[in-house]
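**Student:** Just dropping this structure here.
No value in this document is a laboratory result; all are computed from the given coordinates. Predicted model only: the values in this text are computed from it and were never measured. Cβ atoms come from the backbone with ideal geometry, glycine included; neighbour counts cover every protein chain shown.
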Amino acid sequence: MTASTRDLSGAGAGAAVAAEWTKLTGTGRARRAAAGAVVLALAVAAVFCLTIGPTTGVALADQPAFDVLTASLLGADAAALVLTVLAAAAVGGEYTTGMVRTTFTATPRRGRVVLARAVTVVAAAGAVSLVAAVGAALVSLVVLAGAGLPLWDAADPAVWRAVAGAALMAPFHALVATAGALWSRSTAGGVVAALALLVAPTLAGWVPGGAAVLPLLPGEALHSLAGIAGPEGPHPAAAVLVLAAWSALALAAADRAVRGRDV
Amino acid sequence: MIAVRELVKRYGDTVAVDGLTFAVEPGRVTGFLGPNGAGKSTTLRMVLGLDVPTSGTATVDGAPYRDLPSPTRRVGALLDPGAVDPGRTAHGHLLWQARAAGIGRARVDEVLGLVGLEGRGGHAIRHLSLGMRQRLGIAGALLGDPGVLILDEPLNGLDPEGIVWVRRLLRGFAREGRTVLVSSHLMNEMEATADHVLVVSRGRLVADVGVAELAAGARERVEVASPDPAGLAALLARAGAAPSAAADGRLVVTGMDAARVGELAAAHGVVLHALVPVRARLEDAFIRLTGDGGRTPVRDAGTAGEGEWVR
């Protein structure tokens, strides 16, 4: 028998990441969705820049260029929502079709699958949303130039911090959505988990004393990293810790759920 | 080799698998037979580490599947050809599985060719016929060139040509000294495919026997038509046979061969209109083994057939 004489040493965690990457990004559907998210970001950026006068009560000509930039970056937030739903659907779809059994047959160490999926979804969502955020920023530049107004300074680190910070929203929420979908075995569960964190700051604002937990929520942390949290926002180092803690919590819950049950 | 020991799977009050113990040896095709709901798929899922046994163990080459360092290069499995993402291409579906096992892209094209899907790699799975999906699933099982092959109902959805192809493939695998376990709910599917059969009914093993032995053990019967069935029946019963009346008025006789029935009738001057020896089919043996042929869903761990061929 040839099979017993071959090298059968383990394929390793790198193989699991390669498999998940191929699975997540290797379809025409995924590539079209990524392109769609970027296009949506550009469109939303254009709408928010062009309507900034009516929506803020301050005419475009009287806006600081940096504020027009941050308005355009809402386009990256729109892309983040799309990518978050896609991340949840990628997992939920596997449970719907039953393909997850092939996944766990190919890589029976389930913790490895959870980790590999987390790595790939953060990388893919991060890459797409960075393109979306840079594109959105360029839209604000076009709008400002078109109106004959002064442009934001591309040499200003605050500009790129805002862009990079906006691009962080997608990978973080896509990660939470992935974990939620693994935990609940459904797309809906993943979307709900991500949305819950997204609206948590708003809910906290309604509850007496809720403001105290704001610094512990990912929303404020993301704003802090983007440099747009305001003076009372958390320190960026604390913000990194907060995001890391939420990510670890979500992954640990998913890992625990996935390991223990039949598929 | 696959070894299952005292394997039990309970879902609440339902016992799906009730203390199965068997070994699947290399070098032959082993059929895993039983009516739908007998616990075959549950057993295979436990062998593949997808479901956790309530108790007992299932190992492949001496270790649980989950602990094998490179599982898909040792064990190729197909549980459900429908459990795929229909939006993926055939090639894409195999490629991510290859990546998970550290197998190169060239092998993907190779197995597509092996299963007769060359030129279809770029097709979305949703555009493949049921038979082609079955072939794609088998291609996935072959990716790692495994020494152990586990296929759940691989003949489902295949056209006659496909069935012949799968049989050749399985027999070729076994000839190379590999271990082949193939489930089916149809005995006659396995007659021409398996060398050995494991028969389960209601989660229990009722036979672990060579196909040749099973055929030899199947009882023959004789159908007799006579204008005097009652007299003939009495005569045969006195001679030690077991006649029973069939719906069409004929007698069905077991425990006596056709020649002896004819001699007896002639000696006593009983007129015969027909005397037909009927060779028992494996199907009959299977239905007798599994009790009711699987028409009743599994509810409890009660009676599980006669067990006359259990070793």
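**Student:** Nearest 5 percent is fine: what portion of the DSSP beta bridges confined to the protein assembly as shown is antiparallel? Before the final figure, lay out the partial values.
**Tutor:** On the way: 34 of 52 bridges.
Roughly 65 percent of the beta bridges in the protein assembly as shown run antiparallel, per DSSP.
**Student:** Let me ask something else about it. Can you tell me what share of the DSSP beta bridges in the range B:2-211 is antiparallel? A percent to the nearest 5 is fine. Mind dumping the intermediate values first?
**Tutor:** Working: 21 of 39 bridges.
Antiparallel bridges: around 55 percent, rounded to the nearest 5.
**Student:** Just the number, please: Stokes-Einstein D of the protein assembly as shown in µm²/s, Kirkwood Rh from C-alpha pairs, 37 °C, 0.692 mPa s. Provide the component values of the computation, followed by the final result.
**Tutor:** Details: Rh = 27.9 Å.
Roughly 117 µm²/s, to the nearest whole number.
**Student:** OK, next. Just grab the label-to-label distance for A:Leu216 and A:Val119, each label 7 Å out from Cα along the Cβ direction, in nm (one decimal).
**Tutor:** 3.2
**Student:** Now for a different question. At 7 Å along Cα-to-Cβ for each site, give me the label-to-label distance between A:Thr202 and B:Ala230 in nm.
**Tutor:** A separation of 8.9 nm, rounded to one decimal place.
**Student:** Using the Kirkwood radius built from alpha carbon pairs, what does the Stokes-Einstein equation give as D for chain B at 37 °C and 0.692 mPa s, in µm² per second?
**Tutor:** Numbers: Rh = 21.6 Å.
My calculation gives 152 µm²/s for D.
**Student:** Here is a follow-up. Alpha carbon centre of the range A:200-263 versus the range B:114-152: separation in Å?
**Tutor:** 44
**Student:** For Cα pairs less than 8 Å apart in space and 6+ apart in sequence, what is the mean separation divided by the residue count of chain A, i.e. the relative contact order in percent?
**Tutor:** Details: 379 pairs, mean separation 58.3, N = 263.
Computed over chain A, the figure is 22 percent.
**Student:** To the nearest 10 degrees, how steep is helix B:90-100 against the longest Cα principal axis of chain B, on a 0 to 90 scale?
**Tutor:** Around 70 degrees separate the two axes.
**Student:** Quote the charge dipole size of the range A:1-129 about the Cα centre in Debye, to the nearest 20; the model charges only the Cβ of Lys and Arg (+1) and of Asp and Glu (-1).
**Tutor:** Details: 10 positive and 6 negative charges, 164 e Å.
Roughly 780 debye for the range A:1-129.
**Student:** In whole Hz and in residue order, list the ³J(HN,Hα) couplings for the range A:142-152 that follow from phi through the Karplus curve 6.51 cos²θ - 1.76 cosθ + 1.60, θ = phi - 60°; x for Gly and Pro.
**Tutor:** 4, 5, 5, 5, x, 8, x, 9, x, 8, 6
**Student:** Hey, another quick one. Taking the number of other C-beta atoms within 10 Å as the exposure measure, put B:Ile150, B:Ile2 in order starting with the fewest. Intermediate values should be presented prior to the final figure.
**Tutor:** Working: B:Ile150 26, B:Ile2 23.
Arranged by neighbour count, lowest to highest, B:Ile150, B:Ile2 become B:Ile2, B:Ile150.
**Student:** Return the Cα extents of the range A:1-155 along principal axes one, two and three, sorted largest first, each rounded to a whole Å.
**Tutor:** Answer, in whole Å and largest first: 78, 34, 25 Å.
**Student:** So what's the range A:176-263 giving for Cα Rg divided by 2.2 N^0.38 Å, two decimals? Provide the component values of the computation, followed by the final result.
**Tutor:** Working: Rg = 14.6 Å, N = 88, 2.2 N^0.38 = 12.1 Å.
So the range A:176-263 has a normalised radius of gyration of 1.21.
**Student:** Something else now. Build a GNM of chain B with springs between Cα atoms under 10 Å: which of B:Leu68, B:Leu112, B:Leu79 gets the top mean-square fluctuation?
**Tutor:** B:Leu68
**Student:** Here's something else I'd like to know. Compute the helix-to-body angle for B:229-238: its Cα long axis versus the longest principal axis of chain B, expressed 0 to 90° and rounded to tens.
**Tutor:** Tilt relative to chain B: about 80 degrees.
**Student:** Given the options A:Ala155, A:Ala71, A:Ala250, which has the most mean-square fluctuation in a GNM of chain A, springs set between C-alpha atoms less than 10 angstrom apart?
**Tutor:** A:Ala155
**Student:** Treat every Asp and Glu Cβ in chain B as -1 and every Lys and Arg Cβ as +1, leave all other atoms uncharged, and give the resulting dipole magnitude about the Cα centre to the nearest 20 debye. It would help to have the intermediate numbers written out before the result.
**Tutor:** Values: 35 positive and 35 negative charges, 152 e Å.
In debye, rounded to 20, chain B gives about 720.
**Student:** Let me ask something else about it. So what is the 222 nm mean residue ellipticity for chain A from helices alone, if each DSSP H run of at least 4 adds -39500 (n - 2.57) and you divide by all residues, rounding to the nearest 500 deg cm²/dmol? Let's see the in-between values first.
**Tutor:** On the way: 11 runs with 201 residues, N = 263.
It lands at -26000 deg cm²/dmol.
**Student:** Quick one, can you get me the convex hull of the C-alpha atoms of chain A expressed as volume per residue in Å³?
**Tutor:** On the way: hull volume 41.9 nm³, N = 263.
Here the figure is 159 Å³ per residue.
**Student:** Follow-up question, since we're still on this one. Quickly work out the A:Leu241-to-A:Thr51 label distance, labels modelled 7 Å from Cα along the C-beta direction, and quote it in nm with one decimal.
**Tutor:** The modelled label-to-label distance comes out at 4.0 nm.
**Student:** With loop defined by DSSP as not H, G, I, E or B, and exposure as at most 16 other Cβ atoms within 10 Å, which is the longest segment of chain B clear of exposed GluC sites (Glu not before Pro)?
**Tutor:** Here the longest run is B:1-117.
**Student:** Hey, what angle do you get for helix A:12-25 against the long axis of chain A, alpha-carbon based, 0 to 90 degrees rounded to 10?
**Tutor:** 60
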